[in-house]
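Worksheet: the structure to be examined is printed underneath.
The values are calculated or read from the model by the stated rules, or taken from the named source; none is laboratory data. What you are looking at is a predicted structure, and each value in this text was computed from that prediction instead of being measured. Reconstructed Cβ throughout: ideal geometry from the backbone, glycine too, with neighbour counts over all protein chains shown.
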Amino acid sequence: MYHKYNAIIVGAGGAGLRAALQLSTVSDVAVLTKLYPTRSHTGTAQGGIGAALGNREEDHWEWHAFDTVKGSDYLGDQDAIDIMCRDAVEAVYDLEHMGLPFSRTPEGKIDQRRFGGHTKYEGKEPVMRSCYAADRTGHMILQTLYQQCVKNNVVFFNEYSVLDIIMSDGVCGGVIAMDIGTGELHIFHAKTVLFASGGFGKMYKVTSNAHALTGDGPAVLYRNGIPLEDMEFFQFHPTGIYKLGILITEGARGEGGILLNGTGERFMERYAPTIKDLAPRDMVSQAMHREIAEGRGVDGKDYLLLDLTHLGAEVIEEKLPDVTDFVRTYLGVDPVKEPIPVQPTAHYAMGGIPTDVDARVLADETGAVIPGLYAAGECACVSVHGANRLGTNSLVDIQVFGKRAGDHMARFVRESPLLELPSQPDAPARALLDKIWSANGGELAGAIRADLQQKMMDKASIFRDEASLKTMQEELAKLKDRYQRISLRYKGSKYNADLMETVELGYLLDLAEALVVSALARTESRGAHSRVDYPKRDDANWLKHTMAFRKDNGIELRYKPVKITRFEPKERKY
Ligand SMILES: Cc1cc2nc3c(=O)[nH]c(=O)nc-3n(C[C@H](O)[C@H](O)[C@H](O)COP(=O)(O)OP(=O)(O)OC[C@H]3O[C@@H](n4cnc5c(N)ncnc54)[C@H](O)[C@@H]3O)c2cc1C
């Protein structure tokens with residue numbers, strides 16, 4: 001089937017919907033999403049969206065920018081960070097005006113709470129900056145934006161999985177997608193395409209990420225010759241529910257919750273004397289890993305405790321209702337009465353599709369853009385998060401850069417003609433599916449995925465070194481070999497989840513490889529990339545972004561400088 005639109009958006013999370021809304025007043029726009037829109041992962045975001053509104057205490061967007069740069073371990077691009085922190089304020093008021101029901105202060109202003117790494121007076125003490133709607137902030141954002149998109153006649157193709165892009169002479173002219181319900185391939189011919197397809201935490205065993213977060217967008221573009229930026233930086237959030245990885249928002253510590261080790265000690269006082277449990281996630285997760293490795297886990301096991309009991313039932317039930325429910329349901333623990341068993345959980349991809357501050361996708365390390373092609377949100381790397389993202393900054397990122405993507409795409413639609421389609425634009429996608437369909441080697445996608453997730457957890461998670469990464473590289477070669485010998489258990493065309501998961505596993509394998517190769521090359525520790533064999537940050541050699549290109553004979557790494565404006569790199573102390 002053939003469709004024609006001025007603008008196509010891949011993904012109906014916060015980034016995709018914000019862009020769609022922005023475009024909808026000036027252009028036709030269709031959103032393709034493999035999930036029903038309101039099931040996108042943005043809907044699970046709990047803790048809040050950071051913006052220096054100053055509703056509870058003095059705050060300035062420049063302080064927010066300082067914290068973001070420092071949080072990024074100085075790898076974030078400061079021009080993009082300034083834009084994000086400045087525009088965050090308007091982004092929050094935009095959402096309020098669209099009807100988002102924020103939690104309120106007694107005088108009726110948007111309420112704000114503390115979050116990791118967010119401070120006042122450039123690092124002196126924690127600040128209340130996270131705007132929230134109880135612990136359902138993402139859910140509210142997603143519902144609000146979806147309603148606005150429906151009102152503005154955005155067209156939705158729900159349960160369509162994008163498999164490929166259409167490129168012609170270096171310009172993007174649309175996408176190829178499969179209707180999951182029928183198995184049929186569709187050609188979407190367009191002047192401009194935005195990828196807003198989310199992250200890829202599903203390459204790890206213990207993760208806060210939903211089942212669908214398999215990195216489809218970054219992988220599809222990577223296979224089309226576009227590089228991936230800073231893949232070695234993958235964030236582990238300190239407080240996943242033990243064994244399950246389900247997230248307990250940092251808002252729990254923002255409200256006053258504390259972490260305890262097996263001896264009952266508030267150990268973060270030793271690692272970050274100033275802001276303690278509200279240090280950035282990379283530091284807290286690494287500290288937790290150390291506590292466990294040195295035998296101070298609870299009962300010698302690999303978990304620690306998050307204690308909220310001193311906050312009282314009222315605060316817990318009112319400000320953290322959903323996570324309280326999760327803990328009661330999944331662990332049988334009542335957080336009002338007992339501390340919660342927690343362990344770090346794979347959470348957020350700092351790396352992804354390289355873009356400029358208008359969300360235009362970059363073709364290489366020189367900054368050349370690919371006309372018509374855009375990316376925003378977790379799948380993209382602009383880079384505002386550098387080596388470590390601060391909590392609440394992803395919801396800001398998706399709103400600010402989703403909107404900017406929409407604005408720039410609107411201009412592009414006005415000024416550019418529709419490309420002629422190349423002949424048989426769906427041939428590569430068809431070949432990909434046919435190969436999986438006809439393969440008959442007996443290997444099952446589920447088994448390969450489970451091995452990938454366990455091995456990435458063991459060899460390429462919070463701490464890594466040359467030996468573990470080299471082993472992982474060898475393991476990936478074996479997993480990829482098994483992937484060639486896959487068999488589908490179900491060969492029908494309607495709702496073939498087996499087929500979808502096999503395609504997605506292929507994406508995860510490619511992205512894991514890019515992560516491991518990028519991590520192996522970076523012989524320093526910075527943010528979420530912690531090399532046991534190179535424990536220090538090395539600005540002389542590594543204050544630069546990695547760009548990984550997929551080539552016939554392996555992965556080629558190139559580098560580009562970090563944009564530094566107001567904040568010179570310093571030692572990071574909290
Ligand atoms: C449990 C949890 C809690 C979080 N809490 C916070 C928080 O409090 N504050 C904060 O700032 N950040 C938080 N984050 C991070 C933040 O929520 C996400 O990074 C952000 O919402 C991602 O938005 P997105 O629009 O980029 O992608 P998503 O919301 O993940 O949406 C991706 C979309 O892409 C579509 N898609 C994917 N692949 C395809 C394909 N092949 N074809 C078609 N469609 C496709 C999906 O259907 C979906 O609609 C949290 C994350 C998690 C997992």
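Based on this model, can you work out whether Ser530 counts as polar (S, T, N, Q), within 20 Å of the chain's Cα centre (by Cα) and not assigned by TED's automatic domain parsing to the domain that holds Arg464?
Here the answer is yes, as Ser530 does meet what is asked.
Restricting attention to segment 56-78, which residues are crowded, with 24+ Cβ neighbours inside 10 Å, part of a loop (DSSP other than H, G, I, E, B) and hydroxyl-bearing (Ser, Thr, Tyr)? Across segment 56-78, the qualifying residue is only Ser72. Please determine whether any residue of segment 301-312 is modelled with pLDDT under 95 and closer than 23 Å to Ile462 by Cα. Yes, because at least one residue in segment 301-312 is modelled with pLDDT under 95 and closer than 23 Å to Ile462 by Cα. Mind checking whether some residue in segment 389-406 is within 12 Å of Cys172 (Cα to Cα) and modelled with pLDDT of 95 or more? Checked segment 389-406: no residue is within 12 Å of Cys172 (Cα to Cα) and modelled with pLDDT of 95 or more. Just one of (1) touching a residue at least 40 places away in the same chain (Cβ under 8 Å); (2) of a type in the set (Lys, Arg); (3) not in a loop (DSSP other than H, G, I, E, B) fails for Arg489. It is (3). Residues that are part of a strand (DSSP E or B) and of a type in the set (D, E, K, R): does segment 219-233 have at least one? Yes, segment 219-233 has at least one match. Taken over segment 19-40, the residue count meeting the criterion of being within 8 Å of the ligand (Cβ to nearest atom), crowded, with 24+ Cβ neighbours inside 10 Å and part of a helix (DSSP H, G or I) is 1. Scan segment 523-532 and give yes if some residue there is part of a helix (DSSP H, G or I) and either at pLDDT 95 or above or not β-branched (Val, Ile, Thr) (or both), otherwise no. There is no residue in segment 523-532 that is part of a helix (DSSP H, G or I) and either at pLDDT 95 or above or not β-branched (Val, Ile, Thr) (or both). The residue that is surrounded by the most Cβ atoms within 10 Å (Cβ to Cβ), among those in segment 384-409 that are more than 10 Å from the ligand (Cβ to nearest atom) and over 20 Å from Phe115 (Cβ atoms), is Ala405. Only one of the listed residues (Val516, Val503, Val532) is buried (at least 17 other Cβ atoms within 10 Å of the Cβ) and either closer than 25 Å to Ala467 by Cα or polar (S, T, N, Q) (or both). That residue is Val516. Number of residues in segment 357-388 that are touching a Gly at 6+ places or on another chain (Cβ under 7 Å) and assigned to a loop (DSSP other than H, G, I, E, B): the value is 10.
Scanning segment 166-221 for residues that are among the aromatic types (Phe, Trp, Tyr) and either under 24 Å from Val155 (Cα atoms) or more than 13 Å from the ligand (Cβ to nearest atom) (or both) yields Phe188, Phe195. Annotation: of all residues in segment 317-354 being aliphatic (A, V, I, L, M) and under 20 Å from Thr392 (Cβ atoms), the one that is surrounded by the fewest Cβ atoms within 10 Å (Cβ to Cβ) is Val342.
Conditions (1) within 16 Å of the chain's Cα centre (by Cα); (2) among the acidic types (Asp, Glu); (3) surrounded by 24 or more Cβ atoms within 10 Å (Cβ to Cβ), marked per residue:
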| position | (1), (2), (3) |
| --- | --- |
| Ser208 | yes, no, yes |
| Thr249 | yes, no, yes |
| Arg253 | no, no, yes |
| Ile258 | no, no, no |
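All conditions but one from (1) more than 16 Å from the ligand (Cβ to nearest atom); (2) part of a helix (DSSP H, G or I); (3) modelled with pLDDT of 95 or more apply to Trp437; the one that does not is (3).
Pick from segment 293-316 the residues that are acidic (Asp, Glu) and in contact with a strand residue (DSSP E or B) (Cβ under 8 Å, 6 or more places away or on another chain): which of them is surrounded by the most Cβ atoms within 10 Å (Cβ to Cβ)?
Within segment 293-316, the match that is surrounded by the most Cβ atoms within 10 Å (Cβ to Cβ) is Asp307.
Just one of the listed residues (Glu107, Glu122) is charged (D, E, K, R), more than 13 Å from the ligand (Cβ to nearest atom) and touching a helix residue (DSSP H, G or I) at 6+ places or on another chain (Cβ under 6 Å), and it is Glu122.
Of everything in segment 87-124 that is acidic (Asp, Glu) and in contact (Cβ under 8 Å) with a residue 60 or more places away in the chain, the residue that is surrounded by the fewest Cβ atoms within 10 Å (Cβ to Cβ) is Asp94.
Put simply, of Leu362, Leu331 the only residue that is modelled with pLDDT under 95 and over 18 Å from Gly264 (Cα atoms) is Leu331. Note down all Cβ pairs under 6 Å where the first residue falls in segment 184-208 and is within 20 Å of Gly351 (Cα to Cα), the second is among the aromatic types (Phe, Trp, Tyr) and more than 10 Å from the ligand (Cβ to nearest atom), and they're at least six residues apart or on different chains. Within 6 Å, the pairs are Leu194/Tyr374.
Within segment 8-23, residues that are under 17 Å from Asp358 (Cβ atoms) sit with their Cβ atoms under 6 Å from residues that are of a type in the set (Lys, Arg), at 6+ positions apart or across chains, in these pairs: Arg18/Lys403; Gln22/Lys403. Tell me whether segment 347-367 contains one or more residues that are free of Cβ contacts under 8 Å to residues at least 60 places away in the same chain and of a type in the set (Gly, Ala, Ser). For segment 347-367, residues free of Cβ contacts under 8 Å to residues at least 60 places away in the same chain and of a type in the set (Gly, Ala, Ser): absent.
For segment 319-326, the criterion of being in a loop (DSSP other than H, G, I, E, B) and touching a Cys at 6+ places or on another chain (Cβ under 7 Å) is met by no residue. No other residue among Asp510, Asp498 is modelled with pLDDT of 95 or more, assigned to a helix (DSSP H, G or I), touching a Phe, Trp or Tyr at 6+ places or on another chain (Cβ under 7 Å) and closer than 17 Å to Ile555 by Cβ apart from Asp510.
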